[in-house]
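The values are calculated or read from the model by the stated rules, or taken from the named source; none is laboratory data. The model shown is predicted, which means the values in this text are computed figures rather than measured ones. Cβ sites come from the backbone with ideal geometry, for glycine too, and all protein chains shown count toward neighbours. For the accessible areas, the whole protein counts, side chains as well, though only heavy atoms, and no ligand, DNA or RNA atoms are used. Shrake-Rupley method; radii C 1.70, N 1.55, O 1.52, S 1.80 Å.
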Amino acid sequence: QVQLVESGGGLVRPGGSLRLSCAASGIIFSTYALDWYRQAPGKQRVMVASITTGGTTNYADSVKGRFTISRDNTKNTVYLQMNGLKPDDTGVYYCKATWGRSEHWGQGTQVTVSS
(Lines give C-alpha, C1' and ligand atoms only; values in the text may rest on other atoms or scores of the structure.)
Protein backbone atom coordinates (compact mmCIF):
# COMPACT_ATOMS: atom_id res chain seq x y z
CA GLN A 1 0.00 0.00 0.00
CA VAL A 2 1.47 3.31 -1.11
CA GLN A 3 1.31 6.24 1.28
CA LEU A 4 2.62 9.78 1.03
CA VAL A 5 2.19 11.79 4.22
CA GLU A 6 2.87 15.53 4.26
CA SER A 7 3.62 17.49 7.42
CA GLY A 8 5.04 20.83 8.51
CA GLY A 9 2.30 23.20 7.41
CA GLY A 10 0.86 25.92 9.57
CA LEU A 11 0.23 29.62 10.04
CA VAL A 12 3.18 31.92 9.47
CA ARG A 13 3.61 35.67 9.10
CA PRO A 14 4.81 37.23 5.84
CA GLY A 15 8.57 36.89 5.55
CA GLY A 16 8.61 33.78 7.69
CA SER A 17 9.77 30.25 6.91
CA LEU A 18 8.37 26.75 6.97
CA ARG A 19 9.79 23.36 6.11
CA LEU A 20 7.41 20.82 4.65
CA SER A 21 8.14 17.10 4.68
CA CYS A 22 6.59 14.26 2.73
CA ALA A 23 7.33 10.74 3.95
CA ALA A 24 6.70 7.90 1.52
CA SER A 25 6.09 4.21 2.05
CA GLY A 26 5.19 1.32 -0.22
CA ILE A 27 7.34 2.51 -3.15
CA ILE A 28 10.98 2.25 -4.18
CA PHE A 29 11.47 5.89 -3.30
CA SER A 30 14.79 6.44 -5.07
CA THR A 31 13.27 5.57 -8.45
CA TYR A 32 10.52 8.20 -8.25
CA ALA A 33 10.55 11.79 -9.41
CA LEU A 34 9.02 14.04 -6.76
CA ASP A 35 7.03 17.24 -6.93
CA TRP A 36 5.42 19.74 -4.61
CA TYR A 37 2.15 21.31 -5.74
CA ARG A 38 0.10 24.13 -4.25
CA GLN A 39 -3.63 24.65 -4.47
CA ALA A 40 -4.79 28.09 -3.44
CA PRO A 41 -8.44 28.65 -2.49
CA GLY A 42 -10.60 28.63 -5.60
CA LYS A 43 -7.66 27.93 -7.91
CA GLN A 44 -6.18 24.98 -9.74
CA ARG A 45 -3.38 22.92 -8.30
CA VAL A 46 -0.02 24.09 -9.69
CA MET A 47 3.49 22.69 -9.46
CA VAL A 48 5.87 24.78 -7.37
CA ALA A 49 8.98 22.56 -7.26
CA SER A 50 10.24 19.29 -8.63
CA ILE A 51 13.27 17.04 -8.19
CA THR A 52 14.38 14.17 -10.39
CA THR A 53 15.88 10.88 -9.30
CA GLY A 54 19.28 12.38 -10.08
CA GLY A 55 18.66 15.47 -7.97
CA THR A 56 17.93 17.98 -10.72
CA THR A 57 15.52 20.62 -9.47
CA ASN A 58 13.01 22.92 -11.12
CA TYR A 59 10.90 25.71 -9.67
CA ALA A 60 7.92 27.82 -10.60
CA ASP A 61 8.98 31.39 -11.31
CA SER A 62 6.92 32.63 -8.36
CA VAL A 63 9.05 30.70 -5.84
CA LYS A 64 12.53 30.78 -7.40
CA GLY A 65 15.13 31.98 -4.92
CA ARG A 66 12.78 31.45 -1.97
CA PHE A 67 11.90 27.73 -2.00
CA THR A 68 14.26 24.75 -2.03
CA ILE A 69 13.25 21.18 -2.74
CA SER A 70 15.45 18.31 -1.57
CA ARG A 71 15.18 14.57 -1.10
CA ASP A 72 16.68 12.06 1.32
CA ASN A 73 16.45 8.59 -0.20
CA THR A 74 17.68 7.02 3.04
CA LYS A 75 14.61 8.39 4.82
CA ASN A 76 12.16 8.08 1.90
CA THR A 77 11.37 11.76 2.40
CA VAL A 78 11.14 14.85 0.21
CA TYR A 79 11.34 18.33 1.70
CA LEU A 80 10.31 21.82 0.72
CA GLN A 81 12.12 24.62 2.52
CA MET A 82 10.09 27.79 2.13
CA ASN A 83 11.65 31.13 3.02
CA GLY A 84 10.42 34.67 2.53
CA LEU A 85 6.83 33.51 2.55
CA LYS A 86 4.18 35.76 1.04
CA PRO A 87 0.38 35.78 1.39
CA ASP A 88 0.18 34.45 -2.19
CA ASP A 89 1.94 31.29 -1.00
CA THR A 90 -1.15 30.38 1.00
CA GLY A 91 -2.74 27.09 0.02
CA VAL A 92 -2.74 23.36 0.48
CA TYR A 93 0.60 21.81 -0.43
CA TYR A 94 0.68 18.33 -1.89
CA CYS A 95 3.57 16.05 -2.72
CA LYS A 96 3.49 13.78 -5.74
CA ALA A 97 5.65 10.78 -6.62
CA THR A 98 5.89 9.67 -10.26
CA TRP A 99 7.51 6.67 -11.93
CA GLY A 100 6.50 6.09 -15.51
CA ARG A 101 2.69 6.06 -15.54
CA SER A 102 2.55 5.36 -11.81
CA GLU A 103 1.54 8.45 -9.85
CA HIS A 104 0.81 8.89 -6.15
CA TRP A 105 -0.38 11.91 -4.17
CA GLY A 106 -0.37 12.81 -0.51
CA GLN A 107 -3.35 14.21 1.36
CA GLY A 108 -1.92 17.72 1.60
CA THR A 109 -0.87 20.11 4.34
CA GLN A 110 -2.26 23.61 4.83
CA VAL A 111 0.05 26.62 4.68
CA THR A 112 -1.39 30.00 5.60
CA VAL A 113 0.68 33.17 5.31
CA SER A 114 -1.01 36.05 7.08
CA SER A 115 -0.25 38.86 9.49
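Run the numbers for ILE27 and ASN58: contour at 0.36 nm per residue of separation, minus the present Cα-Cα distance, in nm. Show your work: numbers first, answer last.
Details: separation 31, 0.36 × 31 = 11.16 nm, distance 2.26 nm.
The ILE27-ASN58 span can extend by a further 8.9 nm.
Rounded to the nearest percent, how much of the accessible area of the stretch 27-95 (1.4 Å probe, protein heavy atoms only) is carbon and sulfur?
So the carbon and sulfur contribution to the accessible surface is 49 percent.
Report the extension gain between MET47 and SER114 in nm, rounded to one decimal, defined as 0.36 nm multiplied by the number of residues separating them, less their alpha carbon distance. It would help to have the intermediate numbers written out before the result.
Values: separation 67, 0.36 × 67 = 24.12 nm, distance 2.17 nm.
Between MET47 and SER114, full extension yields 21.9 nm more.
What residues of the stretch 70-100 lie in the reach of a label at VAL2, counting those whose backbone N is under 12 Å from a point 7 Å from the Cα along Cα→Cβ?
The answer is 96-100.
Provide the gained length on full extension for the span TRP99 to LEU11, in nm with one decimal, where the gain is 0.36 nm per separating residue minus the Cα-Cα distance.
On the way: separation 88, 0.36 × 88 = 31.68 nm, distance 3.26 nm.
Contour length minus Cα-Cα distance gives 28.4 nm.
Gaussian network model of the chain, Cα springs within a sub-10 Å range: biggest mean-square fluctuation belongs to which of GLY15, GLY100, GLY91?
Sorting by GNM fluctuation, first place goes to GLY100.
Å³ per residue of the Cα convex hull, for the stretch 60-115? Write out the running numbers ahead of the final one.
Numbers: hull volume 6.2 nm³, N = 56.
Hull volume over Cα atoms, normalised by residue count, gives 111 Å³.
Which value, in nm² and rounded to one decimal, describes the direction-averaged projected area of the C-alpha convex hull of the chain?
With the hull built on Cα positions only, its mean projection is 6.8 nm².
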